[in-house]
Every structure is written in structure tokens, then in C-alpha cells.
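As C-alpha cells, the structure follows; a few thoughts come after it.
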Amino acid sequence: MAYNDDINALSPNHHWSFENVTTDEIGSADGTLSSATLVSISTLCEGNTYALLTDSITDRMTLASSSNIEGALSQKVVCGWFRSTGLQNPPKRIYGEGNETQSFSFILGWGNNLVFEVDDPNFTLQIFGDTILQPNRSYHLCLIFDGNGSGNELRAYLDGVEQLNAEPVNRQPDQATLTARSVGEFGDPAGTVAVGGTAVILLAPINGYYAQWAAWGGSVLTEADVREELFEKGALTDLTITNQAGLDAIADTLRPDAPCCIRVTGDGTINLSADNVTFDPLASIHVQYTGTGTLNWTNTNGSNASIGSTTNGGTLNFINPATLTIDGLINGSEVRIYDDETPSDGQFNTELDGIETLSGTSFNYSHDGSTNDVVIQMMADGYEEILMDFTLNSSDQTLTLFPKQDGNI
């Protein structure tokens, strides 16, 4: 299903794809351009070949009136993709409704710090983004007001992750309804706007690109809707691979800050082993699997993939190998490791690893890092048999045995 359809499946009241048009694909809140332009660009999110561009401080797109956007509402959502090509001279308004009395806004503050704000005659709620927006990197922004809950009326998400730095910290007082505001605008607001309860003049982002924005009035989205449907399915990938050869080609590399670093396609069971493939700390998705089967991704030699995404019901497993080192063994002994599937039954069950004749006094067993009960066996001529229960975990472990000579010798 196309990303456009993924958005519409969540039943928004309004949807602006900006695919060379400013029309509202669902409602009647069409946009009117004032200096802002639609440009050919395909690097913001899935499914976009055009975008709305504001490249001057006076650029804007004004929406036709809609009660589901600027009306008095107890619940509402606005979200979409945004990218800037540089640091902004503050302050700039990405999207907003209202004026100095009441507003609902996405704001770029000093140094591309993101501010989500609802300013009402009775209260001001602000949430500050945890991440500075990097130039030339697309982000999915989402702001939710839910007056039907108890506290936490305002929720904000950046790339599907809730931003929790709020003022007031407890987001009080409880407010059941947002006061009606003036119409929605992308870019430069037509009048003075309140920020933090103080009237200021906001401008349009310079070289700000917009794609696939939508609004809901009278309802809210779940966190899963925002993360899995709107962000993960819309995130463009830095690299797509289909097999081990594709992963081997990027061994010993640092993957960049990106909405989605690596996408793996294909169905069935896919086993991949990453060799020193690491990720920028700000990357939002390390590995995305688009198939319907199972992807087993093993981190080896310093690889650290841990943030995953699936888009078609498949399964993604991150495997972080660990090693059990058994010391103190008898040179020439037989060593066995069994899966103790039912510890209470005294049975060995499945053999996991072993060696008939050990050379030296140590044996290493590499495993997938899962917590698991095992039985360790050592047999050597002239020594008592050792049977020892042991629990594996996600870290490297060392176990030292102390064999005893057979008293019959």
C-alpha cells in the first residue's frame, strides 16, 4: 500500500500531499500560496515527488477555514514531514493556527530547536524537542491535543518518539477544549503570534520543505499510529539491501543520521551477520524489514543495531552474540553443553555444542545472547564426570571448573 494510502487509512479530516497541488485531498481546506512555491523534490518521505517550499521569511500557505482545524476542539492532531537546509534565524513558525491570543504551533527556536506549543487565553503548554533539527535531514513532526484525558493534554512526537521536555512539567491545568483560533498556515503567520504567552513576530522558515501533512479534528491518534504508520512507513532509507553480500559491502562503516538507515527487503527467513556496522546516535531507525517472513540480524565485531521497524507484519530479531568460556578443563577431555529445556526433569535435552577431544584447558561456546538454562558436562579419563547447571545471558561469561581425580585410580 502506498504511503498516501497509509495516511488516509487513519481517517484524517484533511490531507495535503503537496504533490504539485495545494488542495486538501480529503476535506475542503485547500491552501492558498503567498510567495511559497511547490517544487519538484523526492527526498523528504515515501511517496513524495513534490514539496511545499518556503524560501523567504514572508512565504506562507494559508488554509481555507475548517472547524476541524481552527475550531473549538477537545481533541486534534496535526502532523507531517519537514526539512530545512540550514540553521534558522529565530524565531520561525513551521505550521500554526491562531494569533497572539490563542495559537497551535510548530516553532523553530534558536539553533533549530523545536518547540511545540498551544497558547490559549487560559493556559500555555509547551513541549521542547529533545533533538536539534539537523539541516538536510527530514523529520516527521506530530502534535496532539487531547482534552478528554486527565492532564498531559499536549503530546508531541519527533520521528514517532514522544518528546517529554514540557513546560509546565505536568502540563496542567486540565483543559477540556481549545479556544477557536484563526485559520491554519504553513510558514509566515499573517499576524502577530504568542509564544510562551508573549506576543512575538514569527517568520517563515528559509528553505523549509513540507510533504504529506494531515490533520484530525475531534479525535486523536495512538502512539503506535504515529510511530508505525505515519513515521516508519513514510521514512526514506539511506540504503536498501537484499542479502548478505549487500551487508558485507558496508562492513566497517558508520551509518549516518537518517530517518531509516538500512532497509532489508525479501520474504522467508533471512539471516544476516553485520561486521562492525555502527549507527549515528541520532538515527531514528537502524534496520527496517519490509518482508512478511523473519529477519535475523546478528551484530558481530562491534555492530550495534538495536532500533528496528517492520512494515508488513514480518519479524525482526536483533541477535547480540555472547561467549561462554569454560576454564579449568582437562586436556584431552570430552566437553558437552546441553539445553536444559526443563530443569526439573533432570534430562539433558538438546546438545548445543561440544567437542570429543579437547586440546588445552579451555572451551568457548558462542551463542545468541538469549537467557537460557544449560547443563555443562566434562568427561576425562581418571577424573570424575562433571555435570553442572548454568544460566547463559546476554553478556560474555567465564566459568572455571575444578575437576577431581577419580578415587578409584
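A few notes on this one:
- Number of positions in region 232-255 that are of a type outside the set (Gly, Ala, Ser) and in contact with a Leu (Cβ under 9 Å, 6 or more places away or on another chain): 7
- Qualifying residue in region 184-201 (condition: at pLDDT 95 or above and among the hydroxyl-bearing types (Ser, Thr, Tyr)): no
- Condition check for residue 403 on (1) over 29 Å from residue 252 (Cβ atoms); (2) under 45 Å from the mean Cα position of the chain (by Cα): one failure, at (2).
- Residue check, residue 125 aliphatic (A, V, I, L, M), over 24 Å from residue 15 (Cα atoms) and either assigned by TED's automatic domain parsing to the domain that holds residue 215 or crowded, with 23+ Cβ neighbours inside 10 Å (or both): yes
- Restricting region 275-308 to residues that are among the β-branched types (Val, Ile, Thr) and in a strand (DSSP E or B), the residue that is farthest from the chain's Cα centre (by Cα): 300
- Region 10-56, residues that are closer than 21 Å to residue 86 by Cβ, surrounded by 18 or more Cβ atoms within 10 Å (Cβ to Cβ) and hydrophobic (A, V, I, L, M, F, W, C): 18, 36, 38, 44, 45, 51, 52, 53
- Evaluation of residue 373 against (1) modelled with pLDDT of 95 or more; (2) touching a helix residue (DSSP H, G or I) at 6+ places or on another chain (Cβ under 9 Å) (one fails), failing number: (1)
- Residue within region 10-21 that is touching a residue at least 24 places away in the same chain (Cβ under 8 Å), assigned to a strand (DSSP E or B) and farther than 19 Å from residue 189 by Cα present: yes
- The residues of region 347-360 that are surrounded by 15 or more Cβ atoms within 10 Å (Cβ to Cβ) and outside any strand (DSSP E or B), listed by number, are 348, 349, 358.
- Selected residue (only one of 372, 312, 393 is within 30 Å of residue 285 (Cα to Cα) and assigned by TED's automatic domain parsing to the domain that holds residue 263): 312
- Any hit, region 205-212, residues being in a loop (DSSP other than H, G, I, E, B) and crowded, with 24+ Cβ neighbours inside 10 Å: yes
The rows are residues; the columns are (1) aromatic (Phe, Trp, Tyr); (2) surrounded by 15 or more Cβ atoms within 10 Å (Cβ to Cβ); (3) more than 28 Å from residue 15 (Cβ to Cβ).
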| position | (1), (2), (3) |
| --- | --- |
| 240 | no, no, no |
| 259 | no, yes, no |
| 267 | no, no, yes |
| 271 | no, no, yes |
| 296 | no, yes, yes |
| 302 | no, no, yes |
| 318 | yes, yes, yes |
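- Residue within region 84-91 that is part of a loop (DSSP other than H, G, I, E, B) and closer than 16 Å to residue 142 by Cα present: no
- When we screen 293, 266, 313, 308 for residues that are free of Cβ contacts under 8 Å to residues at least 24 places away in the same chain, in contact with a Ser or Thr (Cβ under 7 Å, 6 or more places away or on another chain), closer than 23 Å to residue 236 by Cα and not polar (S, T, N, Q), the only hit is 313.
- Selected residue (only one of 272, 247, 221 is among the aliphatic types (A, V, I, L, M) and in a strand (DSSP E or B)): 272
- Residue in region 243-251 that is touching a residue at least 12 places away in the same chain (Cβ under 8 Å) and over 19 Å from residue 278 (Cβ atoms) present: yes
- For region 204-220, the tally of residues that are modelled with pLDDT of 95 or more and either on the phi < 0 side of the Ramachandran plot or not assigned by TED's automatic domain parsing to the domain that holds residue 160 (or both) stands at 11.
The values are calculated or read from the model by the stated rules, or taken from the named source; none is laboratory data. Just so we're clear, the structure is a prediction, and the values are computed from it rather than from any experiment. All Cβ positions, even for glycine, are placed from backbone atoms using ideal geometry, and neighbour counts span all protein chains on display.
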